[in-house]
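*Asks:* Handing you this structure, nothing more for now.
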Amino acid sequence: MTTIEWTDTTWNPTTGCDRISPGCDHCYALPLAKRLKGMEQARGTNHPKYQNDGDPRTSGPGFGLTTHPDTLDEPTHWRTPRMVFVNSMSDLFHARVPATFITDVWRTMHATPQHTYQVLTKRPERLARVLDQVHAALGLTEPLPNVWLGTSIESDDYTRRANALRQAPAAVRFVSAEPLLGPLPSLDTTGIDWVILGGESGPGARPLELDWVRDVIGQCRTTGAAPFVKQLGTVWARSNGAPDKKGGKPEAWPADLRVREYPATA
Ligand code: SF4
């Protein structure tokens, strides 16, 4: 997962994951987990977060899906309100995260209304299935107002994830089209509050065509979703002499792409 630029804090009640689509090809969490595992071993400590290895075909060293019940109460210790990105090192709706554990995560978010939580998944079908169970277990009749639910969509093959997200009751729904790897002509932003767009960054980054971004902004204009262009990516930055490696400085972009809006509730 990729953290959103204006989150204050990340909270990882689970770590580890398995790649499921081309947007995962350069998952930053996967090699980071390997490094963290190695660092902890070199120090002679045993960091419980990164000692389980995942399937080498889809995951890797230190990146086996693991739940961390000891981290569930972390947000209760943060007194000042924070924007919290849930699971920068995992996907909460991975098939191996028990529904009871997801319920525990929701219990913490319910108990800490001072914080706003952003939960981003590439598995919104499971999110939609499990959420009713979670709400029933906690006696919730409405979605938590402080929880934003999002899904990543990297190409037109995955716009069905937006359909699944629409099935989930949520105060705010968002789509993260980052890394955007192709045009999204099938994307329907009806019922979506916020759409984040970004080109890929880092080694091996794939190119972004600016018209893909323009088309999604146009789609947002027809449904009232708020578009937020985060970065144009490494390939664009390199070929346009951008001042930073990610192409994340709006002042260097074509004027019509300098669009950074937030959902109305924000
Ligand atoms: S779903 Fe997210 S955390 Fe999991 S492998 Fe893909 S990019 Fe990484």
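The values are calculated or read from the model by the stated rules, or taken from the named source; none is laboratory data. All values reported here derive from a predicted model rather than from experimental measurement. Reconstructed Cβ throughout: ideal geometry from the backbone, glycine too, with neighbour counts over all protein chains shown. Side chains are part of the model used for accessible areas, which takes the heavy atoms of the whole protein and leaves out ligands, DNA and RNA. Shrake-Rupley method; radii C 1.70, N 1.55, O 1.52, S 1.80 Å.
*Asks:* By accessible area of protein heavy atoms, probe 1.4 Å, what ranking do Asp156, Asp25 get, highest first? Please list the in-between numbers first.
*Replies:* Details: Asp156 45, Asp25 85 Å².
The ranking, largest first, comes out as Asp25, Asp156.
*Asks:* Please give the FRET efficiency for Tyr28 paired with Glu142, using the beta carbon to beta carbon distance and R0 = 30 Å, rounded to the nearest 0.05.
*Replies:* On the way: r = 35 Å, r/R0 = 1.15.
Efficiency at R0 = 30 Å is approximately 0.30.
*Asks:* Within straight cross-link reach of Lys246, meaning Cα distance under 19 Å, which aspartates and glutamates are found once same-chain residues fewer than 8 apart are removed?
*Replies:* In chain and number order, the partners are Glu5, Asp25, Glu154, Glu178, Glu200, Glu209, Asp211, Asp256.
*Asks:* Moving to a separate point now. Could you tell me, in Å, what Rg and Dmax come out for the Cα atoms of the range 122-265?
*Replies:* Just the Cα atoms of the range 122-265 yield Rg and Dmax of 16.2, 54 Å.
*Asks:* Under a cut-off of 18 Å between alpha-carbon atoms, report the lysines in cross-link reach of Lys249, not counting same-chain residues fewer than 8 places apart.
*Replies:* Within the straight-line cut-off, Lys249 pairs with Lys230.
*Asks:* How far is it, in nm, from the label point at Arg260 to the one at Met39 when both lie 7 Å from their Cα along the line to the Cβ?
*Replies:* 2.7
*Asks:* Can I ask one more? For the chain, what's the relative contact order in percent, using C-alpha pairs closer than 8 Å and at least 6 residues apart? Can you show the working numbers first?
*Replies:* On the way: 562 pairs, mean separation 35.8, N = 266.
Answer for the chain is 13 percent.
*Asks:* Which value in deg cm²/dmol, rounded to the nearest 500, describes the helix-derived mean residue ellipticity at 222 nm for the chain, given -39,500 (n - 2.57) per DSSP H run of n ≥ 4 and division by the residue count? Walk me through the intermediate numbers first.
*Replies:* Values: 6 runs with 72 residues, N = 266.
Rounded to the nearest 500, it is -8500 deg cm²/dmol.
*Asks:* Scale the Cα Rg of the range 1-141 by the rule-of-thumb value 2.2 N^0.38 Å and send over the ratio, two decimals. Numbers along the way, then the final one.
*Replies:* Details: Rg = 15.2 Å, N = 141, 2.2 N^0.38 = 14.4 Å.
This ratio for the range 1-141 stands at 1.05.
*Asks:* Residue by residue through the range 49-60, what is 3J(HN,Hα) from phi via Karplus (6.51 cos²θ - 1.76 cosθ + 1.60, θ = phi - 60°)? Round to whole Hz and write x for glycine and proline.
*Replies:* Values, residue by residue: 6, 10, 10, 8, 8, x, 4, x, 6, 10, 9, x Hz.
*Asks:* Let me ask another. Multiply the residue gap between Thr222 and Glu209 by 0.36 nm, knock off their C-alpha separation, and tell me the result in nm, one decimal place. Don't jump to the answer; show the numbers that get you there.
*Replies:* Numbers: separation 13, 0.36 × 13 = 4.68 nm, distance 2.13 nm.
Net length gain for the segment: 2.6 nm.
*Asks:* Can you give the % of DSSP beta bridges in the chain that are antiparallel, to the nearest 5? It would help to have the intermediate numbers written out before the result.
*Replies:* Values: 3 of 30 bridges.
Antiparallel: roughly 10 percent of the beta bridges in the chain.
*Asks:* Hey, another quick one. Based only on the alpha carbon positions, what is the Kirkwood hydrodynamic radius of the chain, in angstrom?
*Replies:* 19.0
*Asks:* Output the relative contact order of the range 8-152, whole-number percent, from Cα pairs under 8 angstrom with separation of 6+ residues.
*Replies:* Relative contact order of the range 8-152: 27 percent.
*Asks:* Next question, about the same structure. For the charge dipole of the chain, defined by +1 on Lys and Arg C-beta atoms and -1 on Asp and Glu C-beta atoms about the Cα centroid, which residue among Phe93, Leu32, Pro113 has the Cα displaced farthest towards the positive pole?
*Replies:* Leu32
*Asks:* To continue, here is another question. So for the range 97-233, averaging the separation of alpha carbon pairs under 8 Å that are six or more residues apart and normalising by length, what relative contact order in percent results? Walk me through the intermediate numbers first.
*Replies:* On the way: 257 pairs, mean separation 26.2, N = 137.
So the answer I get is 19 percent.
*Asks:* Now a separate question. Could you work out the local net charge near Val213, counting Lys and Arg as +1, Asp and Glu as -1, over the other residues with Cβ closer than 12 Å to its Cβ? Don't skip to the end; give the middle numbers.
*Replies:* Values: positive: Arg214, Lys230, Arg258; negative: Glu178, Glu209, Asp211, Asp215, Asp256.
Taking every Cβ under 12 Å from that of Val213, the sum is -2.
*Asks:* With a cut-off of at most 11 other beta carbons within 10 Å, and DSSP calling the residue loop, which trypsin sites (Lys or Arg not before Pro) in the range 51-158 qualify? Please list them.
*Replies:* Numbers: sites: Arg57, Arg79, Arg82, Arg96, Arg107, Lys122, Arg126, Arg129; in loops: Arg57, Arg79, Arg82, Arg96, Lys122.
Of the trypsin sites (Lys or Arg not before Pro), the ones in loops of the range 51-158 whose Cβ has at most 11 other Cβ atoms within 10 Å are Arg57, Arg79.
*Asks:* Based on the alpha-carbon set only, what is the convex hull volume of the range 116-158 divided per residue, in Å³? Walk me through the numbers on the way to the answer.
*Replies:* On the way: hull volume 3.3 nm³, N = 43.
Expressed per residue, the convex hull around the Cα atoms of the range 116-158 is 76 Å³.
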